Amino acid sequence: MSQHTDTSRGLCPVAYPFAGEHRLDLEDDYARARASGRLLRVTLPVGGDAWLATTYDQVRSVLTHPRMERGLANQPATPRLETALMTQQSVLALDGHEHARLRRAIAGAFSPRTARRIRPYLKAEADRLLDRFLARQQPADLMTAYTEPLASAAVRQLIGQPPGGNEDTDVVARVTALVQARETPTEAEARDQLEEAVDRLTRSRGLPPGLLRDLSLTRAIGTGLSTSQSTDIVFAVVLGGRTPAFFLPSAVLVLLQHPGHIKALRQHPHLWQKAVEELLRFIPVGLSGGFPRTATIPVDVAGHSVEAGETVLPAMIAANLDEHEFPRASELDFTRSQNPHLAFGAGPHRCPGAPLSRHLIEVSLRSLIDRAPALRLATLAPATWHTGRIVRALATLPVEW
């Protein structure tokens, strides 16, 4: 254990998430916390006080330490951002061998090979949506017409949602209904309907390639997960698949605010891979940190003592702007040579959808820039932001072309 003396223990906790309007620029509180070099004591909306990690080293240490657990943080009395808890067998709430077992069960659906297989479909879908979008009357909302349906199409391809199915077996719609019903009297009913849909599909034959078929095949040979476990995985995947829908509009906004970078991408297409990584680093999707972790024993977090039972929130959005790891971190730089950002997390819970997300981001943005060279923010209809969420998400993005 480090001999570091944590002077922040005597400080009054700060309310978290930090107050302020939603925007791409992070609240100044994050920079002040990073500059202090300490974990920041914060009071979360539910359960009381926790620590906030904001430097790159702190956040990576929390994400990768084997005794900082997600499952222990998913308890009724644990400090957290939302009232709702994940089910105890959810892949998002498990650690150790059981978490690794569930990750292995879904590895095929999230492989780089699968992402490459889906990419041509994404390109065709992007072109189809842009054909319709560019024929609209100007200005128009880019989100509802392009980024949101494209992100939804990617999720449906990933899970292998059968086309032309009925509402009873549309698991994407069922997940949406469950999210809307959480913490209401209809939540249990919505969960049952989702579970019935997953059960019916994983007993089916002839499913298209994707997560549902993988779960069906393992079930057929007797090595599959229970229906409840499969449902939790499908729920987590579809819910996680909404993140690109939040990210893409912000990425378009950033590019339109940096016309020189768009020009560079048109002149030097080889920059696209680095551009995607830099946008992932630069754009904060969360209003807060990642999922909280709770220490099972006394833990050293980059030289700071965390006692057993204490909870830490790893603010990946702050770590990605740490000048010690990313020189000129506040600048958007498509030529950045080293970019070990934490947009997808790190450690055992690193986002398995990273390969597909990278393809989706490049295809969607590249297609848009190529097809709409005069794209610009609408003059008389400013973009608006959602409020009261734990993500930084645009509500509208009116554009002209």
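The values are calculated or read from the model by the stated rules, or taken from the named source; none is laboratory data. Not measured: the values here are computed from a predicted model. For neighbour counting, all protein chains shown are included, and Cβ atoms are generated from backbone atoms with ideal geometry for every residue, glycine included.
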Item checked: Selected residue (only one of Ala318, Ala354 is of a type in the set (A, V, I, L, M, F, W, C) and either on the phi > 0 side of the Ramachandran plot or out of contact with any Ser or Thr (no Cβ under 6 Å at 6 or more places or on another chain) (or both)) -> Ala354
Margin query: With the requirement that a residue be charged (D, E, K, R) and in contact with a His (Cβ under 7 Å, 6 or more places away or on another chain), what does the range 21-54 give you?
Written below: Arg38
Checklist line | Set Ala181, Ala177, Ala154: member being without any contact (Cβ under 8 Å) to a residue 60 or more places away in the chain, closer than 30 Å to Leu365 by Cα and small (Gly, Ala, Ser) | finding: Ala177
Notebook entry, point to check: When you go through Asp127, Asp168, Asp192 one by one, which is the residue that is closer than 26 Å to Leu248 by Cβ, over 21 Å from the mean Cα position of the chain (by Cα) and of a type in the set (Asp, Glu)?
Noted result: Asp127
Item checked: Enumeration of residues in the range 161-198 that are farther than 16 Å from Val238 by Cβ, of a type in the set (Asp, Glu) and modelled with pLDDT of 85 or more -> Glu187, Glu189, Asp192
Notebook entry, point to check: Got a sec? Which of Asp192, Asp141, Asp168 is touching a Lys or Arg at 6+ places or on another chain (Cβ under 8 Å) and among the acidic types (Asp, Glu)?
Noted result: Asp168
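Does Ala315 satisfy the condition of being modelled with pLDDT of 95 or more, surrounded by 22 or more Cβ atoms within 10 Å (Cβ to Cβ) and farther than 24 Å from Leu365 by Cα?
Considered against the rule, which asks whether it is modelled with pLDDT of 95 or more, surrounded by 22 or more Cβ atoms within 10 Å (Cβ to Cβ) and farther than 24 Å from Leu365 by Cα, Ala315 comes out as yes.
Restricting attention to the range 224-240, which residues are aliphatic (A, V, I, L, M) and farther than 15 Å from Gln88 by Cβ?
Residues satisfying the conditions are Val234, Val237, Val238, Leu239.
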Check: Among (1) crowded, with 16+ Cβ neighbours inside 10 Å; (2) under 21 Å from Ala31 (Cα atoms), where does Pro352 come up short?
Finding: (2)
Item checked: Selected residue [in contact with a Pro (Cβ under 9 Å, 6 or more places away or on another chain) and either of a type in the set (Val, Ile, Thr) or under 21 Å from Arg174 (Cβ atoms) (or both)] from Val238, Val312, Val254 -> Val312
Check: Is it the case that some residue within the range 333-348 is surrounded by fewer than 18 Cβ atoms within 10 Å (Cβ to Cβ) and of a type in the set (Gly, Ala, Ser)?
Finding: yes
